[in-house]
Amino acid sequence: MSRITCVLIALCWLAAPMAAQDTAIPYLSGRVVDQAGLLSTQARERLAAMLQAHERATGNQIVVLTVRLWAGKASRIMRAGV
């Protein structure tokens, strides 16, 4: 499994159990939205290029979203709305 695939799986795994209830869904301005500042510019660009290639090849769109922590709890992303 490639390193990027592992990173994507880890990000999805970490995002799944988010708990805060009153947080709005962040605006998705591109294929990679790194509000938590976890990714370097180079990593964001590589991910975006990979996601764009995947979308062109399959027609399926995938977006990577990271969010900041508030008061020790991650904000909840409403899966149906993202």
Kindly indicate whether any position in the range 26-33 is touching a residue at least 40 places away in the same chain (Cβ under 8 Å) and either over 18 Å from ILE4 (Cα atoms) or among the acidic types (Asp, Glu) (or both).
yes
Would you mind telling me which numbered condition in (1) farther than 20 Å from VAL67 by Cβ; (2) modelled with pLDDT under 90 ALA20 fails?
(1)
Filter result for ALA57 (modelled with pLDDT of 75 or more and either surrounded by 10 or more Cβ atoms within 10 Å (Cβ to Cβ) or β-branched (Val, Ile, Thr) (or both))
no
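The values are calculated or read from the model by the stated rules, or taken from the named source; none is laboratory data. This one's a predicted model, so the numbers in the text were calculated from it and none came from an experiment. No Cβ is skipped: glycine too gets one built from the backbone with ideal geometry, and neighbour counts run over all protein chains shown.
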